[in-house]
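Single-structure report; data block below.
The values are calculated or read from the model by the stated rules, or taken from the named source; none is laboratory data. Because the structure is predicted, anything quoted here is derived from the model rather than measured. Ligands, DNA and RNA are excluded from the accessible area calculation, which covers all protein heavy atoms including side chains. Shrake-Rupley method; radii C 1.70, N 1.55, O 1.52, S 1.80 Å.
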Amino acid sequence: MVENPATVEETVVENHVAVEETTVENAIIHVIREKPGATTKDFMQKTGLSRRGVEYHLAKMKNKKIRHEGSTKGGYWVIL
């Protein structure tokens, strides 16, 4: 008996979103490894996201996977 009434389409969409977010997070971490002082513009160019998209993902990852140290303009990213 099926306990989860979700359709196949809903399951595929949910899994795709999870994979897509993981891919974006991995891309952001890759940029940080290459250039710890990366700016929003650097993240935009490397990931193909909009400025707001980059801000969203950085905020989601802050204090869980990454941390920004130093000043706003002269700081750098640290991977936790």
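Things to note:
- Only one entry of His30, His57 meets the criterion of being modelled with pLDDT of 90 or more, under 14 Å from the mean Cα position of the chain (by Cα) and open to solvent by 70 Å² or more (accessible area, probe 1.4 Å), and that entry is His30.
- Residues in segment 31-72 that are of a type in the set (A, V, I, L, M) and assigned to a loop (DSSP other than H, G, I, E, B): Ala38, Leu49.
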